[in-house]
Ligand code: JF5
């Protein structure tokens, strides 16, 4: 059965356009993903198709009214949980993306930075979900982040199933460095070991690189894994730092 994800938004073309392209578009055509986009304006009755109004008590900006949102939910009966996208929510991470990909479906309500009527948050929404500590004008781009992070984890969506599991965060580490042709480019060489054909040593080298990179840039991820294991220490000792193989000054 396709994973159903409903998105409630005042910019349906934006969300539908994104979900029709590339990876997600293919997943939908192949029946792996069932993304349904709902225009909150479709539920409006007034001539201006209003979805927002001025805040009670005064203040700048407009607040999304409860009517169009409750009416859309009543008409559509979208899959639960219904998440409101906003910076105040639980932060999306890879574990949550994985759980959502393995779920029976869920829905995303795109809020506006000016605000959403509190009755929606308290009586309609199940949970607030954030994609990071910054403020967007609307929840749409955050919804696209959720769609892509979750969609690519749905079985069959990625061309090569190994690549979804092997990448950053799958084992709590950043990725090892990747190289492709040419072997020498402007004097910059592909590490010799990657061309050695010794897959056991290559795997160990990659592990060491991933550990070093994570230690350098995301020590919090090493901490979250409970520090370095004996095996980690071992592989690091076996593969000394060779980020700068010919001793030249790094460009970055
Ligand atoms: C929004 C109130 C929704 O800014 C966001 C956002 C940031 N991280 N994740 C979502 O969404 C728009 C802003 C303020 C509700």
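The values are calculated or read from the model by the stated rules, or taken from the named source; none is laboratory data. Nothing here was measured: the structure is a model prediction, and the numbers come from that model. Please note: Cβ atoms are built from the backbone with ideal geometry, for glycine as well, and neighbour counts cover all protein chains shown.
Considering the conditions (1) away from the ligand (no atom under 13 Å from the Cβ); (2) within 30 Å of residue 210 (Cα to Cα); (3) touching a residue at least 24 places away in the same chain (Cβ under 8 Å); (4) surrounded by fewer than 17 Cβ atoms within 10 Å (Cβ to Cβ), residue 153 is excluded by exactly one of them, (4). Just a yes or no: is a residue in the range 43-63 crowded, with 16+ Cβ neighbours inside 10 Å and over 19 Å from residue 125 (Cβ atoms)? Looking for residues that are crowded, with 16+ Cβ neighbours inside 10 Å and over 19 Å from residue 125 (Cβ atoms), one finds at least one in the range 43-63, hence yes.
Check the range 71-89 and report whether any residue there is assigned to a loop (DSSP other than H, G, I, E, B), within 14 Å of the ligand (Cβ to nearest atom) and either in contact (Cβ under 8 Å) with a residue 12 or more places away in the chain or under 29 Å from residue 221 (Cβ atoms) (or both). Checked the range 71-89: no residue is assigned to a loop (DSSP other than H, G, I, E, B), within 14 Å of the ligand (Cβ to nearest atom) and either in contact (Cβ under 8 Å) with a residue 12 or more places away in the chain or under 29 Å from residue 221 (Cβ atoms) (or both).
For the range 95-109, the criterion of being within 12 Å of the ligand (Cβ to nearest atom) and either exposed (fewer than 15 other Cβ atoms within 10 Å of the Cβ) or free of Cβ contacts under 8 Å to residues at least 40 places away in the same chain (or both) is met by none of the residues. You will find that of 82, 109, 8, 40, the residue that is modelled with pLDDT of 95 or more, in contact with a helix residue (DSSP H, G or I) (Cβ under 9 Å, 6 or more places away or on another chain) and under 30 Å from residue 171 (Cα atoms) is 82 and no other.
For residue 160, the conditions (1) loosely packed, with under 13 Cβ neighbours inside 10 Å; (2) at pLDDT 95 or above; (3) more than 17 Å from residue 6 (Cα to Cα) are fulfilled apart from (2).
Here is the figure for the range 177-207: residues that are farther than 18 Å from residue 229 by Cα and within 29 Å of the chain's Cα centre (by Cα) total 4.
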